[in-house]
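The values are calculated or read from the model by the stated rules, or taken from the named source; none is laboratory data. Keep in mind that what you see is a predicted model, and the values were worked out from it rather than measured. Here the Cβ positions follow ideal geometry from the backbone for every residue, glycine too, while neighbour counts run over all protein chains shown. Note: areas computed on protein heavy atoms with side chains; ligands, DNA, RNA excluded. Shrake-Rupley method; radii C 1.70, N 1.55, O 1.52, S 1.80 Å.
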Amino acid sequence: MNKEKLIIFDTTLRDGEQSPGASMTKDEKIRIAKALEIMKVDIIEAGFPIASNGDFESVRAISGIIKDSTVCALARAKEIDIMRAGDAIKPANSGRIHTFLATSSIHMQHKLRMTPDQVVEAAVNAIKVARRYTNNIEFSPEDAGRSDPDFLCRIIEAVIAEGATTINIPDTVGYNMPHQFGALIKDLIERIPNSDKAIFSVHCHNDLGLAVSNSLQAVLNGARQVECTINGLGERAGNASLEEIVMAIRTRQDVFPCDTTLDATQIMTCSKLVSGITGFNVQPNKAIVGANAFAHESGIHQDGILKARETYEIMRAQDVGWTTNKLVLGKHSGRNAFKSRMTELNIEFGSDDDLNEMFVRFKTLADKKHDIFDEDLQSLVSEPLLDSETETIKLISLHVCSETNSSPNASITLTINGEEQTSEAIGDGPVDACFKAIEKLTKTGIALQLYSVNAITTGTDSQGEVTVRVEKDGQIVNGQGADTDIIIASAKSYINALNKVINRTGKTHPQLGTV
Ligand code: KIV
Ligand code: ZN
């Protein structure tokens, strides 16, 4: 690559996980981290280790597993946070600490209750502490998009002098307009005397739908790292979407002075993995990864495409990993064929026992469903393994009766902490009856906030993938389940959510804390 490199910093596992309901287990985060590494993401922000023991363990595990990407941990500008982040990235081949402190007067006055001098001192001190662990240090002046540029120049010069190697400019609340944000980046790079000692990065939120535009303007004005997430997941309206940033840069090389080294053919795999795990479905008209992104409905467009693809397409679907539904395996496929197709899909098994269990799931599915597609194979791993520590409640059997002119009735058998229990319930519909029967046994008192069902492939024999979002004492979690029977898929998703509620510990939110 002759052009300058644009560093892709993925924060799906950190800012993405801050989307209400998008919390992920350690195993899920590891699967996403591995997929990001295969896609050649430069930096993976794996979490916020001070938030909870679970977050610390996830970042530490990812640091031990990921070899090619840098693993980054977030920390407030507090010694205790930075020490925890430093310990979490210790096993990494290449680790980074990302520390941040708010610089807008609104945040300094109301949230931090600190003077600008105190903020500069705390930021410089944070870099000093981080240097005990690594030389790869990123500093973010939180809410930079609404901060005084003169103050930004002052604090950034001070942290670079102390050893910060990346300066990330966040538009934390998605307030900036593209021309303003681009001008801010240019201004900072030009005015800060030691700006050449650091890489300038941007981190844009999408509150006004401008996260990608703002990030691209920043790149045109000198930023050489972009922070983004798969499917644009993230706090509130989300972050800049990785796939849109990468494909805009790649498709418009005539405009941009830099390029990424990302393997874009892995984009669809990552997109599906993240939407499957979080239950955040991708809207059909979403750029690059939406189901309609490469579909042509009007006759004129179809005619044009058939004559010359370039008439209506600026990218090739296969370049971002779209494949047509391919019949891959069937009932008679053996263990080796199954394993090798799973390997081609970048799905690995921790042990022979895990492989055996997945193979049993595959055979069970193949008995019910004649044609098995890649999407079906991917859905097999979206449910946790049966011996996983996350499964307190397990589904043993379900019987649902639904007929015209009578209320549906569900009878369910679960094991709860290893003990088998059965209950029955009547509901307004079969799913309602099923959830009521589960609630009778588990008595969790959770509130259902969202229920959605999607067909994984085409055809009436497709598996249904159900996502539920439940709330308990202010905690929101998602659950997923897939089956050719959508009532069974619904029960699985509800049980998956219950297990997450039971196993979750309290977390600190990064932007709530003060110094
Ligand atoms: O949006 C934000 O400001 C952040 C910082 C922690 C970088 O997520
Ligand atoms: Zn953010």
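Residues that are modelled with pLDDT of 95 or more, open to solvent by 30 Å² or more (accessible area, probe 1.4 Å) and under 14 Å from I89 (Cβ atoms): does region 22-37 have at least one?
Checked against the condition, which is being modelled with pLDDT of 95 or more, open to solvent by 30 Å² or more (accessible area, probe 1.4 Å) and under 14 Å from I89 (Cβ atoms), region 22-37 yields no hits at all.
Working only within region 295-317, note down all residues that are assigned to a loop (DSSP other than H, G, I, E, B) and of a type in the set (G, A, S).
First, the residues of region 295-317 that are assigned to a loop (DSSP other than H, G, I, E, B): 295-298, 308, 312-316.
Result: A295, S298, A308.
If we scan region 378-389, do we find a residue that is open to solvent by less than 30 Å² (accessible area, probe 1.4 Å), within 24 Å of L441 (Cβ to Cβ), more than 31 Å from the chain's Cα centre (by Cα) and among the small types (G, A, S)?
For region 378-389, residues open to solvent by less than 30 Å² (accessible area, probe 1.4 Å), within 24 Å of L441 (Cβ to Cβ), more than 31 Å from the chain's Cα centre (by Cα) and among the small types (G, A, S): absent.
Pull out all pairs, ordered by first then second residue, where Cβ-Cβ is under 8 Å, the residues are six or more apart or on different chains, the first lies in region 347-365 and is farther than 15 Å from Q378 by Cα and not assigned by TED's automatic domain parsing to the domain that holds D27, and the second is open to solvent by 40 Å² or more (accessible area, probe 1.4 Å) and outside any helix (DSSP H, G or I).
Partner pairs satisfying both residue conditions: D353/D387.
Say we look at region 160-171 and pick out the residues that are surrounded by fewer than 24 Cβ atoms within 10 Å (Cβ to Cβ) and of a type in the set (V, I, T); which of these is nearest to ligand 1 (Cβ to nearest atom)?
T166
Looking at S271 and the list (1) in a helix (DSSP H, G or I); (2) of a type outside the set (D, E, K, R); (3) open to solvent by 40 Å² or more (accessible area, probe 1.4 Å), which single condition is not satisfied?
Here S271 clears every test but (3).
Restrict the check to region 87-96 and report whether at least one residue is closer than 23 Å to A223 by Cα, within 16 Å of ligand 1 (Cβ to nearest atom) and surrounded by 20 or more Cβ atoms within 10 Å (Cβ to Cβ).
Here is the first cut: in region 87-96, the residues closer than 23 Å to A223 by Cα are 94-96.
Adding the requirement that they be within 16 Å of ligand 1 (Cβ to nearest atom) leaves 96.
If we keep only those that are surrounded by 20 or more Cβ atoms within 10 Å (Cβ to Cβ) too, we end up with 96.
Yes.
Collect the residues in region 150-159 that are open to solvent by less than 10 Å² (accessible area, probe 1.4 Å) and in contact with a Leu (Cβ under 9 Å, 6 or more places away or on another chain), keeping them in residue-number order. I'd like the intermediate steps shown before the answer.
Within region 150-159, the subset open to solvent by less than 10 Å² (accessible area, probe 1.4 Å) is 152, 155-156, 159.
Scanning region 150-159 gives L152, I155, I156.
Any residue at all in region 54-68 that is more than 16 Å from ligand 2 (Cβ to nearest atom), closer than 26 Å to F349 by Cα and at pLDDT below 95?
yes
What about K40, is it at positive phi and either in contact with a Leu (Cβ under 6 Å, 6 or more places away or on another chain) or not assigned by TED's automatic domain parsing to the domain that holds A126 (or both)? If you could, list the steps in order and put the result at the bottom.
Details: at positive phi: yes; either in contact with a Leu (Cβ under 6 Å, 6 or more places away or on another chain) or not assigned by TED's automatic domain parsing to the domain that holds A126 (or both): yes.
Taking the combined requirement at face value, the residue satisfies it.
Quick check on my filter: what residues within region 179-216 are open to solvent by 50 Å² or more (accessible area, probe 1.4 Å), farther than 17 Å from E227 by Cα and not in a helix (DSSP H, G or I)?
Hits for region 179-216 are P193, L208.
Closer than 27 Å to M342 by Cα and not in a helix (DSSP H, G or I): is that true of N292 in this structure? First the steps, then the outcome.
On the way: closer than 27 Å to M342 by Cα: yes; not in a helix (DSSP H, G or I): yes.
So N292 passes the test.
Could you please let me know if I43 is touching a Cys at 6+ places or on another chain (Cβ under 6 Å) and at pLDDT 95 or above?
Details: touching a Cys at 6+ places or on another chain (Cβ under 6 Å): yes; at pLDDT 95 or above: yes.
Answer is yes for this residue.
Going by the structure shown, is E424 farther than 20 Å from G276 by Cβ, touching a helix residue (DSSP H, G or I) at 6+ places or on another chain (Cβ under 9 Å) and of a type outside the set (V, I, T)?
On the way: farther than 20 Å from G276 by Cβ: yes; touching a helix residue (DSSP H, G or I) at 6+ places or on another chain (Cβ under 9 Å): yes; of a type outside the set (V, I, T): yes.
Answer is yes for this residue.
Has region 45-54 got at least one residue that is within 16 Å of ligand 1 (Cβ to nearest atom) and open to solvent by 10 Å² or more (accessible area, probe 1.4 Å)? Spell out how you get there, then give the answer.
Step one: of region 45-54, the residues within 16 Å of ligand 1 (Cβ to nearest atom) are 45-51.
After this cut, where a residue has to be open to solvent by 10 Å² or more (accessible area, probe 1.4 Å) as well, the list is 50.
Checking region 45-54: at least one residue is within 16 Å of ligand 1 (Cβ to nearest atom) and open to solvent by 10 Å² or more (accessible area, probe 1.4 Å).
Check region 321-333 and report whether any residue there is surrounded by 13 or more Cβ atoms within 10 Å (Cβ to Cβ), charged (D, E, K, R) and part of a helix (DSSP H, G or I).
No, the conditions are met nowhere in region 321-333.
Could you tell me whether any residue of region 446-466 is touching a residue at least 12 places away in the same chain (Cβ under 8 Å), more than 16 Å from ligand 2 (Cβ to nearest atom) and in contact with a Leu (Cβ under 6 Å, 6 or more places away or on another chain)?
No, because not a single residue in region 446-466 is touching a residue at least 12 places away in the same chain (Cβ under 8 Å), more than 16 Å from ligand 2 (Cβ to nearest atom) and in contact with a Leu (Cβ under 6 Å, 6 or more places away or on another chain).
Search region 234-255 for residues that are open to solvent by 30 Å² or more (accessible area, probe 1.4 Å) and within 12 Å of ligand 1 (Cβ to nearest atom) and pair each with any residue that is in a helix (DSSP H, G or I) and modelled with pLDDT under 95 when their beta-carbon atoms are under 8 Å apart and the residues are at least 6 apart or on different chains.
What qualifies is E235/Q18.
Mind checking which residues of region 55-72 are buried (at least 22 other Cβ atoms within 10 Å of the Cβ) and within 12 Å of T508 (Cβ to Cβ)?
Scanning region 55-72 gives a single hit, D55.
What tally of residues in region 73-83 results from selecting those that are surrounded by fewer than 22 Cβ atoms within 10 Å (Cβ to Cβ) and either assigned to a helix (DSSP H, G or I) or acidic (D, E) (or both)? Full working, then the answer.
Within region 73-83, the first condition is being surrounded by fewer than 22 Cβ atoms within 10 Å (Cβ to Cβ), and the residues that meet it are 78-80, 83.
Still in the list and also either assigned to a helix (DSSP H, G or I) or acidic (D, E) (or both): 79-80, 83.
Looking only at that region, the number is 3.
Which of the residues belonging to region 104-149 are over 14 Å from E79 (Cα atoms), surrounded by fewer than 18 Cβ atoms within 10 Å (Cβ to Cβ) and not β-branched (V, I, T)?
S105, Q109, H110, K111, R113, P116, D117, Q118, N135, R146, D148, P149
Please tell me if K34 is in the same structural domain as P170 (by TED's automatic domain parsing), of a type in the set (D, E, K, R), in contact with a strand residue (DSSP E or B) (Cβ under 9 Å, 6 or more places away or on another chain) and away from ligand 2 (no atom under 16 Å from the Cβ).
On the way: in the same structural domain as P170 (by TED's automatic domain parsing): yes; of a type in the set (D, E, K, R): yes; in contact with a strand residue (DSSP E or B) (Cβ under 9 Å, 6 or more places away or on another chain): no; away from ligand 2 (no atom under 16 Å from the Cβ): yes.
No; evaluated as a whole, the condition is false for this residue.
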